[in-house]
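Let me begin by presenting the structure, written as C-alpha cells, before commenting on it.
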There are 2 protein chains.
Amino acid sequence: MSEEKVSSLPKSIDLSHHLSNLAKSRNVSPLKDLQKYIQRPGLIQMAGGLPDPTLFPIETLHIDALVSNSFAKKNAKSSSFFGWIWSMFGGAPAPKTETYTVNKFAATPEEIDMAHALQYSSAGGTTQLQAFFREFTQKVYTPAYADWITLAHCGNTDGTTRCFATFCNPGDSVVVEEWTYPSALSTARPMGIKMVPVKVDGQGMAAVDLERVLSTWDENVQGRRPRVMYTVPIGQNPTGATMGTERKLAIYDICVRYGTLFLFINFSLSTFSSSEKSDMLIIEDDPYYFLQEGTYVPKSLRAKMQSQNEDDPMVFLNSLTPSYLKFDYQGRVIRLDSFSKIIAPGSRMGWFTCNPLFAERLERHGETNTQAPCGFSQSIIVQLITKQWGMKKFIRWLQGLQGEYTSRRDFMVDTLYELFDVAPATGEAAAFGAGLPVMTAYLKEPTNTITSISEKYKAVASKTPLFSFIPPTAGMFVWIKFHVGQNVILKPGETLTMHIFTDLAEEGLLIAPGTMFNVDESIILEREVAFRISFSSGTHTGYKVLITNDSKSKCPRVSRF
Amino acid sequence: MSEEKVSSLPKSIDLSHHLSNLAKSRNVSPLKDLQKYIQRPGLIQMAGGLPDPTLFPIETLHIDALVSNSFAKKNAKSSSFFGWIWSMFGGAPAPKTETYTVNKFAATPEEIDMAHALQYSSAGGTTQLQAFFREFTQKVYTPAYADWITLAHCGNTDGTTRCFATFCNPGDSVVVEEWTYPSALSTARPMGIKMVPVKVDGQGMAAVDLERVLSTWDENVQGRRPRVMYTVPIGQNPTGATMGTERKLAIYDICVRYGTLFLFINFSLSTFSSSEKSDMLIIEDDPYYFLQEGTYVPKSLRAKMQSQNEDDPMVFLNSLTPSYLKFDYQGRVIRLDSFSKIIAPGSRMGWFTCNPLFAERLERHGETNTQAPCGFSQSIIVQLITKQWGMKKFIRWLQGLQGEYTSRRDFMVDTLYELFDVAPATGEAAAFGAGLPVMTAYLKEPTNTITSISEKYKAVASKTPLFSFIPPTAGMFVWIKFHVGQNVILKPGETLTMHIFTDLAEEGLLIAPGTMFNVDESIILEREVAFRISFSSGTHTGYKVLITNDSKSKCPRVSRF
C-alpha cells in the first residue's frame, strides 16, 4: 500500500473501556524508563545494571541455513531440493544450505548484533526485529486503520496469556470456537475466565451462532456480557476449519454492532452507561496463516492442475485468505503471529499487531514476565530473514512451506480416499460444510468392481457410515467424527472417545481425542465422538496405518498397510 | 555430595497450604498429557501438532566462543587473554575463541540437537538442559533436603512472576528488602500483592527487623499475615549488600518458627486452623551469586595479596557465600538461577530449585505462558557448557567473571578513594555496616599535605560529609547515600533525589535514583537521598567522571577527569 493510501486510513477508535483492572494498574517499569536517557549520545551510563558484552562468551554465530527455495511451491511439477515425498522413497539428496554470520559487534548500527540482541532491552526487542515486524505486517496483512503497532512476544501462548490478562477481569466471559486449543483453556480458566462455546461449521466459528449467543445473553444468569473473542481463524486447532472473507466480515460486523446495539437498548431503557459498552475485541491467534493448502483436489485430478510458477510474491500473498486486520477499520483486532510454524516452535518468538493503547499495555505486561524474546532467536531469525534471504526470498520460503504442507494434506486425504469408500454427505450433514464438501467414509468393499464414481457413491450410501470429515484447506489437522460404536460396552466412567483412543493407541496409532478440545464442560457425554489427526509430522509409514472397522466390535481399529 | 549422604537427607515437608487459588486451579495441560505416549517406541504419532524438523531452516550452528580461561582469576598476577583493564589502554589482543557445533540431528540421543531443542516439548526443556541443572545445583549449592527438583524458566523475571502467581492471592503481603528490584514491585503490585519493607543493613535484610514486622503484625489492620519473602541475598539490587551465612540462618529460622509460633498462639486461643499456618517461603532471586568479589582491599594493599592459582574448582565454590538451599532442610526455598549475568541477559533462561510439589505447579504455569526456554538458547548454552567446556571449565569461566567484576569493583571503589577523602564512619552509622565498613566521603582538600592515614581521617572528620557507602562484596552496584543538599531550593513537586539526578544527567552522568527502588510508598519525602551506581558496564572513561561538590549550591556535581 502506498504512503498516501495509509495516511487516508482512519485512526483506531478509543477502546480503553476494554482494559482489565490488572492492565490499568500496571505502571511503566521505572528501570525501563531510564532507557530514554541511555540513548543520549555522550552520556556516561552507570545507571542500568547491564553486563558488559565483552563478557558474553559467544563471539560469532556461523549458521548453515536451508536455501529459501528448498521446498517446491504448491503443485509444482519440478522436484524440490529435498522434499518430503522424495525422502519417503529414501532418495533425498543432502539439503542445500548457505552460511551466514551474526557477530557480537556489528560493523554498522543498522545490522543486528549479539552485543545488543543479548543485552537487556525494551520488551519489544531490537530495532531490527521491530522493523521487520512492521514491514512484513504492512506488506502481508495491510491493516485497515492507520495507527497500528507491532510488538514482539515470546510465542502465541505468551501472546494469548498477555491478552487475557490485559482484557479480562476474573469472572468475565470469552467467546471461542466450541472446540478450541486446549492451552487457551488452560490459561484462561485458572484466571477465572469463563469460556463460552460458539458452534462451528466448515468455516469455523458460525456467525449465526455468535449472534444467538450474544442476543440471548442474560447478565442476571450468565454474568457480565462477553467482550472478547478468542479465535483461531485459519486451519483452526483442532477442527482444521478456515474462515473465509465473508465469514470474517460477518463476525467483525457483529463485534462492532454489539457495542452500539447494547448502547441503544440501554439508552431506550434510560440506563445508558458508556463504561458498559459491549462491543467485542477479536484475539486472532493465527499460527497457520501461511499453511493455507487450498481446496483438496483428488489425486486423479491433480495431475491436470496448473503448476504455480509465478515468481511475484504478491500473487502468492494475494492468494491467501486475508487476516482480520484487513477488515479492522477500528483497531479492535489483536492479531498474534508466530514463528513456531514457519521457522520452528523453539524460536519462542512472534508478534502482536494491535492499536497503540493496547500495544503499550501488552508491552508493560511483557516487562514483568519474559521481557524481550531470546536474543539468540532474534539474532538468528532477523539475520536470516532480513539479510541472508531478504523479504522476497522469505516469502519464497513461505511458499515452500505451503507446498510441503499441501503435499502432506493431499497425501493424508488421498490415503483416506484409498482406504475407505468416501462419498459426499447430503442434507443436513452437507450443510455443515458451509461451502466445503463434507465427506463420509464407509468400510471398503472387499472387492470393488464399480468404476463409475456416481455409481460407487450410490452403492455405499446405504451402508453404515464409519466417520466423516472435511478435507482441510489450511493447517495441520484433519478432524474426523465417528458414526460408530453404539453397541460398544464401556467400562464405568469410560467415554466412547477414550475407549476408541485406547484401542487405537494399543494398536500403535496415537491421534488426539476430541474431548481434549471440548469447551463446553457441562456436556459430560460427548456430543460427538471426534478425533484430531495431525498430518504435519507423521512419517510416511504413519500415513498408511489408518483406521478401519472391526466387524466384531463395530468399533474402529488400526490396520497396518 | 555422595549418593549415600543425599539419601540420608530429610524429605521436604508438606507446604501445600502455600499454593494460591490460581495455582490450585491449574489443570495439567491435556495436550502435554499426551507426551507420555509420544515417547513410546514404535507408536505412530499423529496426535501432537508438531511441525516436521526437516522444515526448520537452520541446519547447523557453528559457534565461536571465548575460551573458558579468557579472563584472569581474582587477584591473578598474570594477564588475562583480553581483560577489561587491558582494553582500557587500547592494547587488547583479539579474543581467543574456539568453535563448536550444534546440529539439527545429533548422532546420539545423549547429545542436544535442534530437532529436539526447537520442537515443542515439556516446559522443563530438553533432557540435556534438565541434566545440567541437576548436576550443577547438586555440585554448587548442595541442598539440605533429598527430593529437590530443578525446572527451567525463562529468566528470573519470569521465575519471580510465576512464584508470585503460585504462592500469593490478591491482597496477600510479601516481605522484601526496603529497597528492592523495581521489576519485582511492578510484577507484584498489579496482582494485588502488598510489598512489605524490611529494613536492611550492610548484610541486606535485617533479621531483627523481620522479626519486628512479623511479631507486631495485626491481621485486623494489615490483612493476612505475610507467608512469602522475596529476597536478592547476594549483591542485592540496589544496595549491593550480601547476606552472610549467619544472617541467612537467622532469617531461615524465623521463616520456620513463624509457622509453629502462630499455630501455638492460635491453639491457645482455641482457634487452631491448619490452613492458616504462617510459616514463610523464601523466594531467593540470586542472579549475582558468581559475582562475589569479596572484601574490598585498598589499592596499596592489594599488591601484597596472594594470587589465586588454585586449580581445584571446589576451592572456588567453597569460597562463595552459600545459597539458602544449603540450609533448607524443609524445602521452603524457591531458588532462582539465571544465565543473564554468567552468559548473557538475552539467554532468557534460568532455573528454579524447589520442592517437587511447587516445581509441578510452577511447570503448569510455564505451559500457559512461555512454555520451554528458547531452543536456540538451550542448544547454544547446553552445548557450550556441557560439551565444549565441561563442568570444570565452566567453573573456570565463572572464576574469570568473578575476577573481571572484582577488577571493576576495585576500580570503582579505588576511584572514590582517589577523588574524595574517604574515612570509616563511626557510631550508629558504622553499626549499619553489620560487620562491613561504612565509608564516608568528604570533598578533597585542594592541596593535601597530610600523609599519615590516621591524621588524614582526623582532619576530614570535622567537615560536612558528602556521601557514604559500603564497598560492595558482590554484584554490580555501589549504593551511595548523600548527606548534602539541605540548602537546595526545590521546584514544586521535585524531590531532592530527582534534583540531583537531573543535575548529574545534565552534566553527562547517569546513575539510578534510589527512589526507583523504594518499597515504602507511604513515605513521600525520601528517607534517604540515595543512588545506585553500576560498575558492571561503564567504559573506563566513565569511572573517572565522578561526583564532586558544587561549592555554590552545596549540591553534587559531575566533573570530568
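The values are calculated or read from the model by the stated rules, or taken from the named source; none is laboratory data. No experiment lies behind these values; they were computed from the predicted model shown. Please note: Cβ atoms are built from the backbone with ideal geometry, for glycine as well, and neighbour counts cover all protein chains shown. Note: areas computed on protein heavy atoms with side chains; ligands, DNA, RNA excluded. Shrake-Rupley method; radii C 1.70, N 1.55, O 1.52, S 1.80 Å.
Could you grab me the full set of residues in the stretch A:242-253 that are open to solvent by 10 Å² or more (accessible area, probe 1.4 Å) and either outside any helix (DSSP H, G or I) or touching a strand residue (DSSP E or B) at 6+ places or on another chain (Cβ under 6 Å) (or both)?
Answer for the stretch A:242-253, where residues must be open to solvent by 10 Å² or more (accessible area, probe 1.4 Å) and either outside any helix (DSSP H, G or I) or touching a strand residue (DSSP E or B) at 6+ places or on another chain (Cβ under 6 Å) (or both): A:Thr242, A:Gly244.
So A:Gln128 fits all but one of (1) surrounded by 18 or more Cβ atoms within 10 Å (Cβ to Cβ); (2) modelled with pLDDT under 95; (3) under 30 Å from B:Leu66 (Cα atoms); (4) away from chain B (no Cβ under 11 Å); what number is the exception?
For A:Gln128, the failing item is (2).
Quick one: how many residues across the stretch A:511-538 are more than 14 Å from every other protein chain (Cβ to nearest Cβ) and either surrounded by 21 or more Cβ atoms within 10 Å (Cβ to Cβ) or at pLDDT below 80 (or both)?
Total satisfying the criteria: 7.
Scan (1) more than 26 Å from B:Ala23 (Cβ to Cβ); (2) out of contact with any Pro (no Cβ under 7 Å at 6 or more places or on another chain); (3) more than 7 Å from chain A (Cβ to nearest Cβ); (4) not small (Gly, Ala, Ser) for the single condition B:Leu401 breaks and write down its number.
(3)
Let's see how each residue does on (1) assigned to a loop (DSSP other than H, G, I, E, B); (2) modelled with pLDDT under 80; (3) within 7 Å of chain A (Cβ to nearest Cβ):
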residue	(1), (2), (3)
B:Gly42	yes, yes, yes
B:Leu61	no, no, yes
B:Ser68	yes, no, no
B:Asn75	yes, yes, no
B:Gly91	yes, yes, no
B:Thr101	no, no, no
B:Ala106	yes, no, no
B:Glu111	yes, no, no
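Go through (1) more than 13 Å from chain B (Cβ to nearest Cβ); (2) part of a helix (DSSP H, G or I) one by one and return the number of the condition A:Trp351 breaks.
(2)
Within the stretch A:209-241, which residues are outside any loop (DSSP other than H, G, I, E, B), farther than 18 Å from A:Leu281 by Cβ and in contact with a Lys or Arg (Cβ under 8 Å, 6 or more places away or on another chain)?
Hits for the stretch A:209-241 are A:Asp209, A:Glu219.
Could you check, for the stretch B:218-230, whether at least one of its residues is open to solvent by less than 20 Å² (accessible area, probe 1.4 Å) and closer than 28 Å to B:Lys481 by Cα?
For the stretch B:218-230, residues open to solvent by less than 20 Å² (accessible area, probe 1.4 Å) and closer than 28 Å to B:Lys481 by Cα: present.
Residue under question is A:Arg212, and the condition is that it be within 13 Å of chain B (Cβ to nearest Cβ), among the charged types (D, E, K, R) and more than 20 Å from the chain's Cα centre (by Cα); does it hold?
no
What tally of residues in the stretch A:167-192 results from selecting those that are surrounded by 24 or more Cβ atoms within 10 Å (Cβ to Cβ), more than 8 Å from chain B (Cβ to nearest Cβ), of a type in the set (Ser, Thr, Tyr) and not in a loop (DSSP other than H, G, I, E, B)?
The number of residues fulfilling the criteria is 0.
If I ask for residues that are open to solvent by less than 10 Å² (accessible area, probe 1.4 Å) and hydrophobic (A, V, I, L, M, F, W, C), which ones from the stretch A:194-212 would you list?
Within the stretch A:194-212, A:Val198, A:Met205, A:Leu210 meet the criteria.
State the number of residues belonging to the stretch A:404-423 that are in contact with a Ser or Thr (Cβ under 8 Å, 6 or more places away or on another chain), away from chain B (no Cβ under 12 Å) and either part of a helix (DSSP H, G or I) or at pLDDT 95 or above (or both).
The qualifying residues number 1.
Between residues in the stretch A:358-386 that are more than 9 Å from chain B (Cβ to nearest Cβ) and within 30 Å of B:Met191 (Cβ to Cβ) and residues that are of a type in the set (D, E, K, R) and open to solvent by 10 Å² or more (accessible area, probe 1.4 Å), which pairs lie under 7 Å by C-beta distance while being six or more apart or on different chains?
Taking only residues 6 or more apart or on different chains, the pairs are A:Arg361/A:Arg26.
Among the residues of the stretch A:450-466, is there at least one that is at pLDDT 80 or above and part of a loop (DSSP other than H, G, I, E, B)?
Checked the stretch A:450-466: at least one residue is at pLDDT 80 or above and part of a loop (DSSP other than H, G, I, E, B).
Are any of the residues in the stretch B:321-341 open to solvent by 20 Å² or more (accessible area, probe 1.4 Å), in a helix (DSSP H, G or I), away from chain A (no Cβ under 14 Å) and farther than 30 Å from A:Ala115 by Cβ?
yes
List every residue pair whose Cβ atoms lie under 9 Å apart, where the two residues are 6 or more positions apart in sequence or sit on different chains, the first residue falls within the stretch A:422-435 and is within 19 Å of A:Phe482 (Cβ to Cβ), and the second residue, located anywhere, is of a type in the set (Asp, Glu) and open to solvent by less than 70 Å² (accessible area, probe 1.4 Å).
These pairs meet every condition: A:Phe432/A:Asp201; A:Gly433/A:Asp201.
Determine which member of the set A:Phe316, A:Phe394, A:Phe376 is touching a Gly at 6+ places or on another chain (Cβ under 9 Å), at negative phi and either open to solvent by less than 10 Å² (accessible area, probe 1.4 Å) or of a type outside the set (Lys, Arg) (or both).
A:Phe376 is the lone residue from the list that is touching a Gly at 6+ places or on another chain (Cβ under 9 Å), at negative phi and either open to solvent by less than 10 Å² (accessible area, probe 1.4 Å) or of a type outside the set (Lys, Arg) (or both).
Taking the stretch B:136-166, which residues are away from chain A (no Cβ under 11 Å), surrounded by 23 or more Cβ atoms within 10 Å (Cβ to Cβ) and out of contact with any helix residue (DSSP H, G or I) (no Cβ under 7 Å at 6 or more places or on another chain)?
B:Trp148, B:Cys163
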